Amino acid sequence: MIFGDIAQMGPLTVLGVVLVVFAGAAIQATLGMGLGLIVAPVLFFLLPDLVPALVIMLGMSSAIVGIAGRLEHVAFNEVWIALFGRLFGVAAAAWLLSMVEATEQFAIVFAIALLITVAISVANVPIPFSKRTLPVGGFFSGILGTITAVGSIPMALLYQNQEPEKARATMNAFFAIGVLPSLLALWVSGFLGVKHFVYAALLMPAVIAGAFLSYRLIGFADKRYRRLVLGFAAITSAAILIQALSRVLFGS
């Protein structure tokens, strides 16, 4: 069944998915965001039943590779505080997903949540970094990350004025651990199955290659690339929302 789906996609589409995952992993490890924003909407058009679980699993792999050799920069005390808030966010996301009964309904929830994520990032509201705001960022990361596979924005806003090396390593550690309750919530809600693990294994080389490429890209990372990533996510999310609403309202 899985390899049948891949065969139906065609070689060019398969190559496109691999390249998108590769680019997303490289950007994620470089900017601390990007994999979900790039991969999730593209994958939703091709194989919507794999979203968000597959993208979350790929993000976990990217985060693990992203902290390789950087553990000394991880502030684990901050990771645990943020994870406390994320657990409540994951629970809220699981409750929302439990009410979704049709593909179109999930498409609408997914697209709106992704557009909200982009809007939060574009607004770039300065959030004071403290032990009180960390669990709040973790909470919103849990909600958005579980529904859309993009939970990096709230944390990125918190860490935007922190030392870059520490911020990247700490956020990667947070996501590497924090996706586990999200995956559990998706499994309970029926959004995670064996096929997601198979696809994740097949795409793992692209994630690893992209993450290791990031070591050469960090010096070139700036706000221009961040805006391009957000613009891409906004356009594709809007297209998903329009398509889903069209099917609900007009049956087309």
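The values are calculated or read from the model by the stated rules, or taken from the named source; none is laboratory data. Just so it is clear, the structure is predicted and the values come from calculations on it, not from any experiment. Methodologically, a virtual Cβ is constructed for each residue, glycine included, from the backbone with ideal geometry; neighbour enumeration extends over all protein chains shown.
Of the residues GLY59, GLY89, GLY85, which is buried (at least 16 other Cβ atoms within 10 Å of the Cβ), of a type outside the set (A, V, I, L, M, F, W, C), part of a helix (DSSP H, G or I) and within 14 Å of the chain's Cα centre (by Cα)?
GLY59
Does LEU183 meet the test of being of a type in the set (A, V, I, L, M, F, W, C), out of contact with any Pro (no Cβ under 6 Å at 6 or more places or on another chain), closer than 20 Å to LEU83 by Cα and at pLDDT 95 or above? The answer is yes for LEU183.
Please specify each residue of the stretch 98-123 satisfying the condition of being under 20 Å from SER152 (Cα atoms) and crowded, with 16+ Cβ neighbours inside 10 Å. VAL109, PHE110, ALA111, ILE112, ALA113, LEU114, LEU115, ILE116, THR117, VAL118, ILE120, SER121 - these are the residues of the stretch 98-123 that are under 20 Å from SER152 (Cα atoms) and crowded, with 16+ Cβ neighbours inside 10 Å.
In this structure, GLY138 does not satisfy being out of contact with any Lys or Arg (no Cβ under 9 Å at 6 or more places or on another chain) and either closer than 26 Å to ARG226 by Cβ or not in a helix (DSSP H, G or I) (or both). Within the stretch 90-135, the set of residues being under 30 Å from ALA75 (Cα atoms) and of a type in the set (Gly, Ala, Ser) comprises ALA91, ALA92, ALA93, ALA94, ALA113, ALA119, SER121, ALA123, SER130.
Residues in the stretch 92-111 that are outside any helix (DSSP H, G or I) and of a type in the set (Ser, Thr, Tyr): SER98 only. Of the residues in the stretch 53-71, not one is under 22 Å from LYS131 (Cβ atoms) and among the charged types (D, E, K, R).
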